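What follows draws every value from the coordinates through simple rules; no lab data is involved. This one's a predicted model, so the numbers in the text were calculated from it and none came from an experiment. A quick note on method: Cβ atoms are made from the backbone with ideal geometry, for glycine too, and the neighbour counts reach across all protein chains shown.
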Amino acid sequence: MFNDIGALELVTIIVLAVLVFGPDKLPKVIQDVMRTIRKIREFSESAKQDIRQELGPEFKDFEFEDLNPKTFIRKQLDNEDLGLKEIRNGFDLKKEMAEVTDAVHSRDQESSSSSSGSSGGRIDMTKKPEKPGKDDRPPFDADAT
């Protein structure tokens, strides 16, 4: 319940409680607070049991903690019925990138070896268009003006 309270904060709360209530009344105040917390817990548990009873036997595995969105999503993603673990385990990004890199490098090696010899029926896609001469005008586009 108080997982994020450190030792220094706890000592500070105790010192403040002693100063506010005094050493004589402090044990009675602690008993009253504990009794109130127990009653709230009992009320909460009885309300949960009433809700489960009203929902019927179909919801016997229903947990109120599942209503928290983070818990719900985590539980659904860990579900084996969806097959997400197989998808996650089957997809290896490093392996895929290595295959793509190998394919690109082998294509570069093939194109460099084929450019030194005959083209082998391949079209050179790296060929750039010829530069226009000094006297050549760019084509006129009537719609652009």
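Summing +1 for each Lys or Arg and -1 for each Asp or Glu, what net charge is found among the other residues whose Cβ lies under 12 Å from the Cβ of Arg52?
Details: positive: Lys48, Lys60; negative: Glu45, Asp50, Glu54, Glu58, Asp61, Glu63.
So the environment of Arg52 carries a net charge of -4.
Label-to-label distance, Ala17 versus Glu45, with points set 7 angstrom from Cα along the beta-carbon direction: 2.2 nm. Here the Karplus curve 6.51 cos²θ - 1.76 cosθ + 1.60, taken at θ = phi - 60°, turns the phi angles of the stretch 8-20 into couplings of 5, 5, 5, 5, 4, 5, 5, 4, 5, 4, 5, 5, 6 Hz, with x standing for Gly and Pro. Charged neighbours of Glu65, selected by a Cβ distance under 14 Å, balance to +1 (K, R count +1; D, E count -1). Per the Debye formula on identical point scatterers at the alpha carbon atoms of the stretch 8-57, with no solvent, log10 I(q)/I(0) at q = 0.16 Å⁻¹ is -0.61.
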